[in-house]
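Step one of this worksheet: look at the structure below.
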Amino acid sequence: MIPKLPRNWSSPTFFVLFLCSGPRRPDDFATQVEAYGHEAGLQIKCLCVDPKADSHWDLFKPECRTELADLLAKGRIIGALASPPCSTVTRVRHRPLYADSHGPRPLRSRESPWTWLPSRTPKENRSCLVGSLLALICIGLLGDIGSAGGWTCFEHPADPGKPPYPSFHRFDRS
């Protein structure tokens, strides 16, 4: 089935963003999107927006975000998958792995998932800050793309719905 495109998007080459993609891998999301586009007779290129994939695509650089905004304004972006780092919110940080050992220590709380717990190392605080900033940048880009009629997805661990587990999907106060 050929995807429906908004009438104002007339470019022969369309882009799908893979935000925080990491390096390209065989049969990854980017490969699948490009293959699907080819099968549908569409020119679709997946941009892996991650400095580990291509140093040009670093969401912390204003020129990168400007270039993405320009592509969107020109109707060239038809969708995006965001997969910001989840290592600081993973459930494994809050439960024992084995009877006599624990996984890496918790860095965030359910009550305040966007910040870090006190008494963490500078390295742990930086990891939380980077994860939070990337998640917020991705959410903003997904909002812009969705508002323009594009497809969006925010891939992140599901909210387990109970303490002590933090989640970027938690919007209530429970």
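Bear in mind that the values in this text are calculations on the coordinates, not laboratory data. The shown structure was predicted, so the numbers you read here are calculated from the model rather than taken from an experiment. Here Cβ is always computed from backbone atoms with ideal geometry, including for glycine, and neighbour counts include all displayed protein chains.
Counted over the stretch 13-154 with a bin width of 5 Å, the fraction of Cα pairs per bin, in whole percents, is 2, 9, 16, 19, 17, 13, 10, 7, 4, 2, 1, 0.
Each of Glu111 and Thr31 was given a label point 7 Å from its Cα along the Cα-to-Cβ line. The distance between the two points is 4.6 nm. Angle, helix 62-73 long axis vs. longest principal axis of the chain, Cα atoms, 0 to 90°, nearest 10? Between the helix axis and the principal axis of the chain, the angle is about 50 degrees. Using the Cβ of Arg120 as centre and a radius below 10 Å, the other residues enclosed give a net charge of +3, where K and R count +1 and D and E count -1. Net charge around Val89, counting only other residues with Cβ within less than 12 Å of its Cβ (Lys, Arg = +1; Asp, Glu = -1)? Value of the local net charge: +4. The phi-based Karplus calculation (6.51 cos²θ - 1.76 cosθ + 1.60; θ = phi - 60°) puts the 3J(HN,Hα) values of the stretch 115-132 at 10, 10, 5, x, 6, 9, 6, x, 5, 5, 4, 5, 4, 5, 4, 4, x, 5 Hz, whole numbers, x for Gly and Pro.
Only sites in a loop by DSSP and with at most 11 other Cβ atoms within 10 Å count here; which trypsin sites (Lys or Arg not before Pro) in the stretch 20-70 make the cut? Hits after loop and neighbour filter: nothing returned. Ser21 sits among other residues whose Cβ lies under 14 Å from its own Cβ, and their net charge, with Lys and Arg +1 and Asp and Glu -1, is -3. Shown in residue order for the stretch 46-51 are the 3J(HN,Hα) couplings computed by the Karplus curve 6.51 cos²θ - 1.76 cosθ + 1.60 at θ = phi - 60°: 8, 8, 7, 8, 6, x Hz (x for Gly and Pro). Sorted fewest first by neighbouring Cβ atoms within 10 angstrom, Cys64, Cys153 come out as Cys153, Cys64. Available extension along the chain between Glu39 and Lys123 is 25.7 nm, counting 0.36 nm per residue and deducting the alpha carbon span.
With the highest mean first, a sort of the peptides 72-84, 134-146 on other beta-carbon atoms found within 10 angstrom per residue produces 72-84, 134-146. Ignoring the sites themselves, what is the longest stretch of the chain with no GluC sites (Glu not before Pro) in a DSSP loop and at most 14 other beta-carbon atoms within 10 Å? Excluding the exposed sites themselves, the longest stretch runs over 1-110.
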